[in-house]
Structure formats: structure tokens, C-alpha cells
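See below for the structure under consideration.
The values are calculated or read from the model by the stated rules, or taken from the named source; none is laboratory data. Just so it is clear, the model here is predicted, and its values are computed rather than measured. Cβ coordinates were reconstructed from backbone atoms using ideal geometry, including for glycine residues, and neighbour counts include every protein chain displayed.
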Amino acid sequence: MTKPAILLVSLTLLFTTTWSQNITSKKTVIDNPADISITSNSTDLPFFTSSADAEKIVTSIMSAMGLESDFKIKEAHVPNVEAKIRHHERYILYNPQFISQVNTVTRNKWASIFILAHEVGHHLDGHTLLDINSRPGIELEADQFAGFVLCRMGATLKQTQLAMYYIANIDASKTHPGRADRLLAIEKGWNKAEAEVAGVRDNGSTSN
């Protein structure tokens, strides 16, 4: 192969390589991790069963942040759910079988809402612009974002953390933190949002 041809192949690989962040390293969910069943959904948002449902949920997530949604949400041959940039557009790709498992075992809308919020967090935190795949640090940042926004959307802390009991490994890996660290990150984000809400309430009562 001539040098120009080698250069052309190298450039093609460079510009077609994409990076993504997955919600978890798992391809399946745990059927019964603990006695943490939460029956109350307390939201008018739909269960995530289709791309149309996901678009409504993501629109609500972005609205809670005061932003417009410009994400493309598609079914794809991915292990679970991932955030990715394609053709300069922001995508959230999901495996419908994985989402169906999450809905079945958790029986709660907030679990899949959290998963979508986590992927939105990867985009808004700029992780999809980095030349890296999943790493523990950025996964915790996305977890914290999801905790923050779900609190704004009206979820309790237990509802916000629910998904992690089913999709997160107990032990950390090279790509994802362990479950305990992820639950703490979610709690940190949730508490931050709760403190902001409490501050607004206090200011309102003081002015009255």
C-alpha cells in the first residue's frame, strides 16, 4: 500500500471513530437485588416503552433544567443505553430489551427516567465531546446530574436511586464505579437540588 493510501485510511478511521458513554457495563438487569420495591410513580410521564415515550421524557428533563431538547433518540444494537455524537448531532441510543427488563423488574417509571437523565447528563456535561468511552469519573458526574434533575422533576431520593439497585454492579470496574459510589453521587445531586428548592421556599416565606 502506498503512503498516500495509508494516510487516507488513517484519516478515515480517525474521523469515523465515535465515542460513547453507557449507563452500565451490564447487558441485563438483576431480578431481585433487595427489598427496595417502590410502587408509587408520582409522575404523569409515560413508561419508557418507545422512542416517542423517550422523547417526551427527555423534553421534560430538559425543561426542568430550563433548556430546549435537541436530542435524537433511537433504538439501536447497543448493550443498554448510551450517549453519542453522530454527524454533529446528539443521540441517545437504547436497547429496547434492556429498557423492557428495567420496566419489568422495577415496576416504576422513575427507573427508566433516571437512565435517560443520566445519558442527557453525559451530553450536557460535555462527555460526548471527549475522546473517551465510559470512565468511572464521568459516570459519577452523569449520576449526580440525574440525581439533581430528578429531584427537580419531583422524584423522591428512593425513586431517583431505584435503577441503580438493578443495573449497577456492586464492585467497580475500569469503566463504571461500584454501586455504593453511584448511589452517593445520585444522593449528592438530589440533595443539591433539594437545597436549592428549600432556599427558594425560605426566601419566599421571608419576603412574605
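Observations, loosely collected:
- For the range 30-41, the criterion of being surrounded by 13 or more Cβ atoms within 10 Å (Cβ to Cβ), within 14 Å of Ala117 (Cα to Cα) and either at pLDDT 70 or above or of a type in the set (Asp, Glu) (or both) is satisfied by no residue at all.
- Of all residues making up the range 80-126, the number that are more than 24 Å from Lys158 (Cα to Cα), hydroxyl-bearing (Ser, Thr, Tyr) and within 9 Å of the chain's Cα centre (by Cα): 0
- Qualifying residue in the range 152-165 (condition: in contact (Cβ under 8 Å) with a residue 40 or more places away in the chain, under 18 Å from Ser60 (Cα atoms), of a type in the set (A, V, I, L, M, F, W, C) and surrounded by fewer than 24 Cβ atoms within 10 Å (Cβ to Cβ)): yes
- Reported count of residues in the range 80-106, each being assigned to a loop (DSSP other than H, G, I, E, B), at pLDDT 95 or above and either farther than 13 Å from Ala54 by Cβ or touching a strand residue (DSSP E or B) at 6+ places or on another chain (Cβ under 6 Å) (or both), is 1.
- Candidates Leu93, Leu129, Leu124: the one that is under 23 Å from Met65 (Cβ atoms), touching a residue at least 24 places away in the same chain (Cβ under 8 Å) and surrounded by fewer than 17 Cβ atoms within 10 Å (Cβ to Cβ) is Leu129.
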